[in-house]
Amino acid sequence: MGLLDGKRGLVIGIANEHSIATGCAQAFVREGAELAVTYGHAKARPFVEPVAEALNVKLFKPLDVTSDAEMDAVFEAIVSKWGKLDFLLHSVAFCPQEDLHGPVVDCSREGFGVAMDISVHSFIRLAHKARPLMKDGGCLLTVSYYGAEKVVDQYNVMGPVKAALESTVKYMAAELGPEGIRVNALSPGPLMTRAASGIAHFDTLIDEARSRAPQQRLVTIEDVGNMAAHLASASARNVTGNISYVDAGYHVMS
């Protein structure tokens with residue numbers, strides 16, 4: 001018996017086989033879940049489709065989270081296929097390069113707005129769409145980072161953006177708790193993903209994380225996936241509003 005036998009979930013944010021969302025999707029399927037998976041745009045499809053095929057996903061749809069029409073189409077397909085949804089993983093973040101690589105104080109209004117819309121408000125929009133499909137309760141998951149809590153060199157404006165995401169998790173957990181819908185964030189240590197490659201001096205950040213973490217090692221997408229599967233399952237039925245660190249203990253160090 002798997003932790004997620006009979007459960008249906010939506011995974012948003014797979015970019016390729018190395019993505020955090022891939023590790024989570026693999027764990028969901030291993031534990032018995034059926035999945036719907038999205039890809040961001042046509043150019044991304046060739047990198048996401050092999051992952052989806054390996055997972056034997058039941059729905060594979062395009063989803064630019066800035067497109068209301070595409071978001072509607074995804075949920076209409078879920079309603080048609082399953083009529084319900086048990087869990088959702090949002091693993092999406094973006095900031096224009098010129099704003100990501102500069103100091104927070106130099107971030108443009110437009111860049112800040114784009115980063116907040118795609119990285120934070122898209123999670124709110126997805127929750128709004130998923131809520132009616134979670135009549136028997138459910139779980140909403142997103143992905144954050146330690147830079148939301150403390151200043152991390154070179155993380156720049158994504159620190160305030162992730163802080164907003166973590167606050168959103170807590171407020172939605174309070175609002176949706178009476179309906180049996182739990183809301184949590186995963187906070188992995190640094191991982192060499194496509195998204196992370198856009199951060200300046202990321203290799204230095206990786207080396208520091210390894211040396212300072214109590215367990216003296218880096219985490220993997222499989223580690224994050226194991227935590228995600230637990231949080232999506234009935235084993236975590238009383239866990240909501242949490243920021244769940246998967247970082248070999250790095251976050252406890254001063």
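Just so it is clear, none of the values below were taken in a lab; they were calculated from the coordinates. Computed from a prediction, not measured in an experiment: that's the story for all the values here. Backbone-built Cβ (ideal geometry, glycine too); neighbour counts: all protein chains shown.
Tally time: how many residues in region 125-137 are more than 16 Å from the chain's Cα centre (by Cα) and either buried (at least 17 other Cβ atoms within 10 Å of the Cβ) or among the acidic types (Asp, Glu) (or both)?
5
Please work out which residue is nearest to VAL252 (Cα to Cα), limiting yourself to region 145-173 and to residues that are touching a residue at least 40 places away in the same chain (Cβ under 8 Å) and among the hydroxyl-bearing types (Ser, Thr, Tyr).
Per the stated criteria, the residue is TYR146.
Taking the condition loosely packed, with under 13 Cβ neighbours inside 10 Å, assigned to a helix (DSSP H, G or I) and β-branched (Val, Ile, Thr), does VAL74 pass?
no
Among the residues of region 84-95, are any part of a loop (DSSP other than H, G, I, E, B) and charged (D, E, K, R)?
Within region 84-95, one or more residues are part of a loop (DSSP other than H, G, I, E, B) and charged (D, E, K, R).
What strands (runs of 3 or more DSSP E), lying completely within region 1-69, carry at least 1 residues that are closer than 18 Å to ILE221 by Cα?
Counting at least 1 such residues, we get 8-12, 34-39.
Applying the selection to region 1-40, what residues are buried (at least 23 other Cβ atoms within 10 Å of the Cβ) and under 20 Å from SER67 (Cβ atoms)?
The answer is LEU10, VAL11, ILE12, GLY13, ILE14, ALA21, ALA36, VAL37, THR38, TYR39.
Regarding GLY113, is this residue more than 21 Å from MET227 (Cα to Cα) and of a type outside the set (Lys, Arg)?
Yes, satisfied.
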